[in-house]
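The values are calculated or read from the model by the stated rules, or taken from the named source; none is laboratory data. Values in this document were obtained by computation on a predicted structure and should not be read as measured data. Cβ placement follows ideal geometry from the backbone for every residue including glycine, while neighbour counts extend to all protein chains displayed.
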Amino acid sequence: MNLLKVALFSLSFSAAFAQLNNNDIQAAKYIAELERNLLRSNFKTSTINQAKQFASSSKTFKRYLPEIELIQEITKAKNFDCTKLKSNQDRPWGNNLTIKTRSYCYQIQLSKFSKLKNINADKKTWIANTIKFFLENDQSTLVDLLTKLNSKSDLFNHLLNETVEISLEEDITLPQKLLDLIDINSKITSLFQKKLPLSRRNKIILTKEFIKLARSLANEDTPPAQADYLISFHNSNKQFIYPKSAWKRVIIAGQDLKDRGFEKQAFKLFKYAISISQNNDNRNDAIFQALWISLSEKKFNDTLGIISQLKLVEDFSRLSSKNKFWIAYSLYKEGESSMSQHLFNLLIKNNPLNYYSIIAQNYVPHIDEKFMKNKFKSRSHTLLKIKDGDLAKSEFNNLNEMLVWKELNYSSKVDRFIAHFSSLEANDLISSKTLLNDYTKEELEEAKLYFFLDVFKNNNDYLSSFKYLSRIIDSDDYNFNNLDISSLFPTKHLTTIKNHSGNIDPLLVLSIIRQESAFNEKAQSHVGARGLMQLMPSTAKMMGRIRNNDELFVPAQNIKYGVKYLNKLLNRFEGNLILTLSSYNAGPTKVSRWVKNRFVHDDPIFLIEEIPYKETRLYVKLIYRNLFFYNLLDNNYIFDKSLKNTFKVVSNSTKLSKR
């Protein structure tokens, strides 16, 4: 099929999605209320009846009726077999209610424990099943019950006995509050120790010893040869040392040795960390640490030796974008033009939205503004409308349910649907035989992507669109040819931003808002940061007078004070974009400390890698990415100037420096 046909094909909302059904909204509200009641073990008959009534008349939420009816049955029955409550594997996004229903059922059983006069064989089985459920699903409820019982009673001792034995048999980690209860009873403590398998006791002992050895490498008095002993110790005892702890401690030990100047021994540890990595993310982290030994000193020839020794070019497709860039960059710096160009191009082709792909453009001669604009074309066609029946019935219901939860601000439920839809193949989303027969799988997948991006955009849910695309990118299944980036980089509030930005580039403010709040005016973090630019009330009050904290939910007010704060940071760090953004994320005091004690490079791409906080490193990279694409949409290709100047904000201009 030709490109024109592809461009003309997309999916969009049908009229059924234009307005959410009131029965669906009411059903969702009562189902959510039921979930809260299940947690509190406090039911109103009217809530169950209302949930049942609205779910019965809702096409979308009718599938919750079995759980609602079971709740009704449990509340009426004197005895109920909780094991008959099974999770619906075909509807994982509905499991939350099922798990909470099971939890409530077992809580009723737990409440009967205190009335037990004797513990026969049948009751032992019943007790064991109940304790196992709570250890696996709801440990806090079990803790609450045990703390209410008389610690000297036979019942308490039996329950604690069962808790310890089941935790050991099922390898379940007990919370500290339960361990505290065990500590008050020497008999239980002895049981815990005796029941603990020898291999597990050895694991605890040897893991602690391994950590102690690894930590010693940070000590100036420890000879660097201790690194060889650390590796030997792990090799001889690896079956008794927890893998995650081992990998983490080897990496930290390698960093300690590097900081002490023992690069050869540090490399040994990083190379060993690669070999014991439990997943690809850990492996890539260890590879970067190995590369950074020479990269941080710009000894690119040495880096090429490491690349060769680790066979990283041969393994290029498995590497992270970060490692791909630095391998290609090292080849570029050593004059390996042909190979570096090839690897840079592979990086840009496979993940063009990544920070490292953006930076790579600076080293590829044929990539310019025209090339990038052609790669990210805006869609100008009219979307093809489809009927309700063109979506598979179950997915139509899933989509509608997701929109209902979004309307009611249940973000965790929305996230479960995003995960589902991002992994769902287009062929399973669509039931229309016409569409399935007339278009290829690739064309349907492209249409599916834009369909969901439009779903979120039409609901002003930019955060969900970003989450959805992120999952698609991570799956490596999407072809980025002709990707329309306007859906990913919205310009909401741009007029307000321009009114308050003064000499600061409005696109920089827009880039920060995209990252901080995803344009959610009512966003509030767990620490209290508020609004579009996620300002702390204390920070806003330093920038101007605010009557109450809720003023920060007003876009104009939030932007006004956010821009003032951003301008203050820019002045403090003399227009250095990296230091300014790092300060916005981690605080200016920390960044000033890094400048004094940690940073050694003024080359921006090296400086970013020196940021000690992973979250802050990612934050700076993502905002730089945002800024690149906002400029591209505004017909400004930032690499028309030097790379270094793209990281410099000039105070007397409304654009980044073009020198």
Can we say residue 456 is under 27 Å from residue 27 (Cβ atoms) and crowded, with 22+ Cβ neighbours inside 10 Å? yes
Go through the residues of region 338-348 one by one and say whether even a single one is surrounded by fewer than 20 Cβ atoms within 10 Å (Cβ to Cβ), on the phi > 0 side of the Ramachandran plot and either outside any helix (DSSP H, G or I) or touching a Leu at 6+ places or on another chain (Cβ under 8 Å) (or both). no
Wholly within region 442-553, helices (runs of 4 or more DSSP H) carrying at least 3 residues that are touching a residue at least 40 places away in the same chain (Cβ under 8 Å): 462-475, 494-500, 506-516
Quick check on region 390-404. Is at least one of its residues within 22 Å of residue 484 (Cα to Cα), buried (at least 19 other Cβ atoms within 10 Å of the Cβ) and not assigned by the TED database to the domain that holds residue 626? no
Before we move on, is residue 534 at pLDDT 95 or above and in contact with a Leu (Cβ under 7 Å, 6 or more places away or on another chain)? no
Filter region 582-597 for residues that are under 18 Å from residue 507 (Cα atoms) and either surrounded by fewer than 21 Cβ atoms within 10 Å (Cβ to Cβ) or touching a residue at least 60 places away in the same chain (Cβ under 8 Å) (or both) and give the result. 584
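Being crowded, with 19+ Cβ neighbours inside 10 Å and either under 24 Å from residue 494 (Cα atoms) or modelled with pLDDT of 95 or more (or both) narrows it down to one residue among 606, 573; which is it?
On the way: 606 fails: crowded, with 19+ Cβ neighbours inside 10 Å.
573 is the lone residue from the list that is crowded, with 19+ Cβ neighbours inside 10 Å and either under 24 Å from residue 494 (Cα atoms) or modelled with pLDDT of 95 or more (or both).
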Quick check, is residue 246 in the same structural domain as residue 271 (by the TED database), buried (at least 20 other Cβ atoms within 10 Å of the Cβ), more than 27 Å from residue 597 (Cβ to Cβ) and of a type in the set (A, V, I, L, M)? yes
Need a quick list: helices (runs of 4 or more DSSP H) entirely within region 198-288 having at least 3 residues that are within 26 Å of residue 319 (Cβ to Cβ) and touching a residue at least 24 places away in the same chain (Cβ under 8 Å). 226-237, 243-260, 263-275
All but one of (1) closer than 24 Å to residue 618 by Cα; (2) modelled with pLDDT under 95 hold for residue 325; state the number of the condition that does not hold. (2)
Considering every residue within region 60-67, establish whether at least one is over 32 Å from the mean Cα position of the chain (by Cα) and either farther than 19 Å from residue 410 by Cα or aromatic (Phe, Trp, Tyr) (or both). yes
So residue 324 clears everything in (1) within 26 Å of the chain's Cα centre (by Cα); (2) among the charged types (D, E, K, R); (3) within 29 Å of residue 235 (Cβ to Cβ) except one condition, right? Which one? (3)
Say whether the condition of being closer than 30 Å to residue 33 by Cβ, surrounded by 19 or more Cβ atoms within 10 Å (Cβ to Cβ) and at pLDDT 85 or above is met by at least one residue in region 422-431. yes
Among the residues of region 555-564, is there at least one that is modelled with pLDDT of 95 or more and surrounded by fewer than 17 Cβ atoms within 10 Å (Cβ to Cβ)? yes
Quick one: which residue in 166, 241 is under 24 Å from residue 285 (Cα atoms), surrounded by 15 or more Cβ atoms within 10 Å (Cβ to Cβ) and modelled with pLDDT of 80 or more? 241
